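Colleague: Structure incoming, see below.
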Amino acid sequence: MIKLSLVPLIALVLVTAFSRIAAGAVIYHFIAHDGQFLGDSTCTGSRAIGNPFSQYGSRFSSVSIWNKFSQYGSEFSALSPYNRFTSTPPVIYDDNDNKVGYLTLNQFVGVASQNISPIKLELIMMDECDKEGNYR
């Protein structure tokens, strides 16, 4: 009997879903552990993390994960996805407000296969949003 592991399948589904971000098929929302909204996985609009002119997509905004000096983007902040040791990274929700996983570099938070690295997210956003000519 051959047993298939669901872990790679779940990871593939999540990565595939994230790669459809710009197409509008799936929009994810990012919420910090303290309840602060951190933006949507879209390329345009005021809530878009892919829009460098929105408060969530700007590298200078205090509520942006892309601001390395903010509590949500610093590698030293417990609220940041870039802190490899945090137990309180941002949570990823789908359009139906179902928790999908965490945005984190910490592989020991939640189910690792359901999490996405902020570095991978930025690469996906760069790829998807560049198609619209809207990324940094």
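Bear in mind these aren't lab numbers, they're just calculated from the coordinates by the rules spelled out. All values reported here derive from a predicted model rather than from experimental measurement. Cβ coordinates were reconstructed from backbone atoms using ideal geometry, including for glycine residues, and neighbour counts include every protein chain displayed.
Colleague: Got a number for residues in the stretch 19-60 being small (Gly, Ala, Ser), out of contact with any strand residue (DSSP E or B) (no Cβ under 8 Å at 6 or more places or on another chain) and either under 14 Å from GLU122 (Cβ atoms) or buried (at least 19 other Cβ atoms within 10 Å of the Cβ) (or both)? Can you show your working first?
Modeller: Residues of the stretch 19-60 that are small (Gly, Ala, Ser), as a first pass: 19, 22-25, 32, 35, 39, 41, 45-46, 48, 50, 54, 57-58.
If we keep only those that are out of contact with any strand residue (DSSP E or B) (no Cβ under 8 Å at 6 or more places or on another chain) as well, we get 19, 22-25, 35, 45-46, 50, 58.
Of the ones still in play, those that are also either under 14 Å from GLU122 (Cβ atoms) or buried (at least 19 other Cβ atoms within 10 Å of the Cβ) (or both) are 19, 22, 50, 58.
Residues flagged as small (Gly, Ala, Ser), out of contact with any strand residue (DSSP E or B) (no Cβ under 8 Å at 6 or more places or on another chain) and either under 14 Å from GLU122 (Cβ atoms) or buried (at least 19 other Cβ atoms within 10 Å of the Cβ) (or both) within the stretch 19-60 amount to 4.
Colleague: Can you tell me which of (1) in contact with an Asp or Glu (Cβ under 9 Å, 6 or more places away or on another chain); (2) assigned to a helix (DSSP H, G or I) is the one GLU122 doesn't meet?
Modeller: (1)
Colleague: Which residue is surrounded by the fewest Cβ atoms within 10 Å (Cβ to Cβ), if the candidates are limited to the stretch 72-128 and must be over 24 Å from CYS43 (Cβ atoms) and among the hydroxyl-bearing types (Ser, Thr, Tyr)?
Modeller: The qualifying residue surrounded by the fewest Cβ atoms within 10 Å (Cβ to Cβ) is SER87.
Colleague: So, one more: Taking only the stretch 61-89 into account, find how many residues are out of contact with any strand residue (DSSP E or B) (no Cβ under 9 Å at 6 or more places or on another chain) and β-branched (Val, Ile, Thr).
Modeller: Number satisfying all stated conditions: 2.
Colleague: Among ALA78, ALA112, which is over 15 Å from the mean Cα position of the chain (by Cα) and of a type in the set (A, V, I, L, M)? Walk me through how you get there before you give the answer.
Modeller: On the way: ALA112 fails: over 15 Å from the mean Cα position of the chain (by Cα).
One residue alone meets the criteria, ALA78.
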